[in-house]
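**Q** Please see the structure below; I have some questions.
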Amino acid sequence: MLQVPLDSLHRELGAKMVPFAGYDMPVQYPSGIIKEHLHTRTAAGLFDVSHMGQLVVSGPGTTAALEALVPVDLAALPVHKQSYALLTNDDGGVRDDLIITRWGDEEYFLVVNAACKEADIQYLRDHMPEQIFRLLPDHGLLALQGPLAREVLSAHVPELAQLPFMQGLSAHLAGAEVYVTCSGYTGEDGFEISIPAAAVEAIARLLLDHPAVAAAGLGARDSLRLEAGLCLYGHELDATVTPVEAGLMWSVSPSRRARGERPGGFPGAAIMFRQQTEGVTYKRVGLTVSGRRPVRDGQQVLSSDGVAVGVVTSACYSPSLELPIAMARIDASFAEPDLQLLVDVRGKQVPVTVTKMPFVPQRYYRG
């Protein structure tokens, strides 16, 4: 197993370490997932996401080359602005989701999922042979998330006080040159900080010294993102699920949609546009579970008369709502809010209700 730069600190803090995407990662600390989750909702949680892939792509023609792979209007993206993006395939499915930040005229900073990073990087290299790739394996990535994250971090970097959602800037923190973006995957205001590996521990300790900040693991990060209604690759998204089915057509820039100024030009565009016109067979929905019995990924969703209509893709106990919740991919004809369905939990039918997402309001700072 690979180790992140903060491995020794995680163990010092008593983290429960588990294998994840080839790395030893902290799933929780002694306080437990529920307390870490609620602390992030009320104060600030510090997450180590250094297993994610970080790279810079640059050189003449980079904007056009990237636009041929993702449905984003990168030509209109200002410097230091970010965009959520999908790498799509010829069938309209999703190879991976990623974050793209424009660093210069033809220079972009990419953060890709840990489990897919090697395949993503190879795919990008194969389809962008003229571009320069600078991988950043010597960088860590910390996420400081929660309503007090801005107060904590701006005390060290004052220019972050008004940084809006999906915007970034270069800064100096604890003597290190870092890149900070107002982003994260918890639904809360907060930041992600790309840091040279040698400085990660010093910066983590600096942030953890603040009484509002507590270490949080992958368990809380997953329950937070599920409450926020955010997709996870390998669960809600994969190579067979299109952005239309996943409810992510908002991630296709208006100019690149069927009636946009520059429609299509990315893999699977024609299929997505057809689905928008003709409809889809399956949709992503939220589910709230009746009672305390949780449901699990991979369990069948049933109609009220017991007919299989879909599958649970993510599930957890919601600490904020104090009840089990889930996301599922179900037959589009059953994707109606407030519709009563069932989930087969080891032979027992558990009642669930189709619920609008996010389950908990997103609180991004937009300036």
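**Q** Taking H as built 1.01 Å from N, whose amide H comes closer than 5 Å to the amide H of Val309, not counting residues under 5 places away?
**A** Excluding prolines and chain starts, which carry no amide H, the hits are Val301, Leu302, Ser303.
**Q** Now for a different question. Expected output is a single nm value to one decimal: the length gained when fully extending between Ala161 and Arg134, i.e. 0.36 nm times separation in residues minus the C-alpha distance. What is it?
**A** 6.7 nm
**Q** Excluding Gln122 itself, calculate the net charge of residues whose Cβ lies under 13 Å from the Cβ of Gln122, where each Lys or Arg counts +1 and each Asp or Glu counts -1.
**A** After counting each charged neighbour, the total is -1.
**Q** For segment 1-117, what % of the accessible area comes from carbon and sulfur atoms, probe 1.4 Å?
**A** 57 percent
**Q** Quick one: net charge around Ala65, please, counting Lys, Arg +1 and Asp, Glu -1 for every other residue with C-beta under 12 Å from its C-beta.
**A** Overall, the nearby charge balance is -3.
**Q** So, R0 is 41 Å and r is the distance between the beta-carbons of Gln3 and Asp105; what FRET efficiency does that work out to, to 0.05?
**A** So, using R0 = 41 Å, E works out to roughly 0.65.
**Q** May I pose another question? So, in nm, how far is label Glu322 from label Ala239 when the simple model puts each one 7 Å beyond its Cα toward the Cβ?
**A** 4.5 nm
**Q** Between segment 57-131 and segment 170-232, how far is it from one alpha carbon centroid to the other, in angstrom?
**A** What the calculation gives is 23 Å, centre to centre.
**Q** Taking the simple approach of a point 7 Å from Cα along Cα-to-Cβ for both Ser290 and Gln276, what is their distance in nm?
**A** 3.8 nm
**Q** Counting only GluC sites (Glu not before Pro) that are in a DSSP loop and have at most 15 other C-beta atoms within 10 Å, tell me the longest site-free stretch of the chain.
**A** 131-260
**Q** Kindly report the accessible area of the chain per residue (heavy atoms of protein chains, probe 1.4 Å, no ligands, DNA or RNA), in Å².
**A** On a per-residue basis, the chain sits at 42 Å².
**Q** About the Cα centre of segment 169-261, what is the dipole size in debye to 20, counting +1 per Lys and Arg Cβ and -1 per Asp and Glu Cβ, all else neutral?
**A** 240 debye
**Q** Expected output is a single nm value to one decimal: the length gained when fully extending between Asp297 and Lys81, i.e. 0.36 nm times separation in residues minus the C-alpha distance. What is it?
**A** Values: separation 216, 0.36 × 216 = 77.76 nm, distance 3.44 nm.
Contour length minus the Cα-Cα distance gives 74.3 nm.
**Q** Please sort by residue number the trypsin sites (Lys or Arg not before Pro) in segment 321-352 whose DSSP state is loop and whose Cβ has at most 16 other Cβ atoms within 10 Å.
**A** Here the sparse-neighbourhood loop sites are Arg346.
**Q** Taking R0 as 51 Å, what's the FRET efficiency between Arg125 and Asp344 from their Cβ-Cβ distance, rounded to 0.05? Don't jump to the answer; show the numbers that get you there.
**A** On the way: r = 43 Å, r/R0 = 0.85.
Computed FRET efficiency for Arg125 and Asp344: 0.75.
**Q** Can you give the accessible area of Ile132 in Å² (nearest 10), computed on protein heavy atoms with a 1.4 Å probe?
**A** About 100 Å², rounded to the nearest 10.
**Q** Counting other Cβ atoms within 10 Å, keep those with at most 14, restrict to DSSP loop, and tell me which trypsin sites (Lys or Arg not before Pro) in segment 64-166 are left. Kindly include the intermediate steps, with their values, before the conclusion.
**A** Details: sites: Lys81, Arg95, Arg102, Lys117, Arg125, Arg134, Arg150; in loops: none.
Qualifying residues, ordered by number: none.
**Q** Choose one answer from Gln82, Gln54, Gln349: the residue with the largest mean-square fluctuation in a GNM of the chain with alpha-carbon springs under 10 Å.
**A** Looking only at Gln82, Gln54, Gln349, the largest GNM fluctuation is found for Gln349.
**Q** Once you have the Cα-Cα distance between Val307 and Ala64, take 0.36 nm times their residue separation minus that, and quote the gain in nm to one decimal.
**A** Residue separation times 0.36 nm, minus the Cα-Cα distance, leaves 82.8 nm.
**Q** Using a 1.4 angstrom probe on heavy atoms only, work out the carbon and sulfur share of the accessible area of segment 219-333 in %.
**A** Reported share for carbon and sulfur atoms: 49 percent.
**Q** Another question about this same structure. Please say if segment 213-367 is rounded, prolate or oblate, where rounded means a/c under 1.5 for a ≥ b ≥ c the square roots of the C-alpha gyration tensor eigenvalues, and otherwise the choice is prolate for a/b larger than b/c and oblate otherwise?
**A** Note, shape of segment 213-367 comes out oblate.
**Q** For Tyr185, what accessible surface area do you get with a 1.4 Å probe? Give it in Å², rounded to 10.
**A** Approximately 60 Å² of Tyr185 is accessible to the 1.4 Å probe.
**Q** Here's something else I'd like to know. Using 10 Å bins from zero, what percent of all Cα-Cα pairs in segment 13-103 falls into each bin?
**A** Result, from short to long distances: 13, 32, 26, 23, 7 percent.
**Q** Shifting gears a bit: Let me know the charge dipole size of segment 232-349 about its Cα centre in debye, to the nearest 20, where only the beta-carbon of Lys, Arg (+1) and Asp, Glu (-1) is charged.
**A** 220 debye
**Q** Pairs of alpha-carbon atoms within less than 8 angstrom and 6+ residues apart define the contacts here; what relative contact order does the chain have, in percent?
**A** 18 percent
**Q** Over the Cα atoms of segment 95-176, each weighted equally, I'd like the Debye log10 I(q)/I(0) at q = 0.19, 0.23, 0.24, 0.27 Å⁻¹, rounded to two decimals.
**A** Debye intensities relative to I(0), on a log10 scale: -1.04, -1.28, -1.33, -1.49.
**Q** Also, I was wondering about something else. If each DSSP helix of 4+ residues adds -39,500 (n - 2.57) and the sum is divided by the residues in the chain, what number results at 222 nm, nearest 500 deg cm²/dmol?
**A** -5500 deg cm²/dmol
**Q** Just flag the trypsin sites (Lys or Arg not before Pro) in segment 198-262 sitting in loop per DSSP whose Cβ has no more than 15 other Cβ atoms within 10 Å. If you can, show how the numbers build up before the last one.
**A** Details: sites: Arg205, Arg221, Arg225, Arg256, Arg257, Arg259; in loops: Arg257, Arg259.
Loop-located and lightly packed - Arg259.
**Q** What does the C-alpha gyration tensor say about the overall shape of segment 233-304? Classify as rounded when a/c is under 1.5, otherwise prolate if a/b is larger than b/c, or oblate.
**A** Prolate, because a/c is 1.5 or more and a/b exceeds b/c.
**Q** With the Cα gyration tensor of the chain giving a ≥ b ≥ c as the square roots of its eigenvalues, does the rule (a/c under 1.5 for rounded; else a/b larger than b/c for prolate; else oblate) give rounded, prolate or oblate? Before the final figure, lay out the partial values.
**A** Numbers: a/c = 1.82, a/b = 1.12, b/c = 1.62.
It comes out oblate by the Cα gyration axes.
**Q** For Tyr23, which sequence-distant residues (separation of 5 or more, or a different chain) have an amide H within less than 5 Å of its own amide H, given hydrogens modelled in the peptide plane?
**A** Residues meeting the amide H criterion: Leu2.
The values are calculated or read from the model by the stated rules, or taken from the named source; none is laboratory data. None of the values given here were measured: they were computed from a predicted structure. Please note: Cβ atoms are built from the backbone with ideal geometry, for glycine as well, and neighbour counts cover all protein chains shown. For accessibility, only protein heavy atoms count, side chains too; no ligands or nucleic acids. Shrake-Rupley method; radii C 1.70, N 1.55, O 1.52, S 1.80 Å.
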